[in-house]
Amino acid sequence: MRKRANALAERLEQGAQALITFASALSDAEWQTRVPGDGRKIGVIVHHVANVYPLEIQLAQAIAAGHAVVGVTWDGVHKMNAEHASENDAVTKESALDLLRHNSAEATNAIRQLNDEQLDQAAPVSLHSGAPLTCQFMHEDHAVRHSYHHLARIRKALKPTGNGATSA
């Protein structure tokens, strides 16, 4: 039985579902709200989370196979995110949520296929200064954490400031 993999997949599912539930209830105006300190619209961020699940899973799978992750840098991540935001500025709620549902399901299925040995496999990761990181850590720090991280930032962006206006 793959208890650890299932638990990890369930945490990803819970985060994705929380983001789906919250984003589904947003008004059109809220969907278009820009997140302070980030600049992207909430809808773009929801789509972004969905869009990068396959890449995050691919990186963790490379580690599971004992391969180093090379050539991935934070500058590259920021460039990719900026290009994504530009290309998806008008993303609809329906398409973003559909992609989020699909890609989070694919991600959880991929995680569930891992055994404990694969989860414990470590390899150098260029994104983290070449530190040898485990497959499980890579999943936890990226795919699993991603929806929780952005949901918290979205909620903060929509939090009333006390004068009837949102902080966005």
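Rule-based calculations on the coordinates, nothing more; no lab input. Computed from a prediction, not measured in an experiment: that's the story for all the values here. Here the Cβ positions follow ideal geometry from the backbone for every residue, glycine too, while neighbour counts run over all protein chains shown.
Take the Cα radius of gyration of the range 41-101 and divide it by 2.2 N^0.38 Å, N being the number of residues; the result is 1.27.
For helix 145-158, report the angle its Cα long axis makes with the longest principal axis of the Cα atoms of the chain; keep it between 0 and 90° and round to the nearest 10°. Approximately 10 degrees, to the nearest 10. Against the chain, whose longest principal axis comes from its Cα atoms, helix 93-112 is set at around 20 degrees.
When Rg and the Kirkwood Rh are both derived from Cα coordinates, the Rg/Rh ratio for the range 1-107 amounts to 1.01. Computed extension gain for residue 106 through residue 149, at 0.36 nm per residue and net of the alpha carbon distance, reaches 13.5 nm. Close lysine pairs were tallied over the range 3-158: pairs 8 or more places apart or on different chains with Cα atoms under 26 Å apart number 6. Of the trypsin sites (Lys or Arg not before Pro) found in the range 83-134, none is in coil by DSSP with at most 11 other Cβ atoms within 10 Å of its Cβ.
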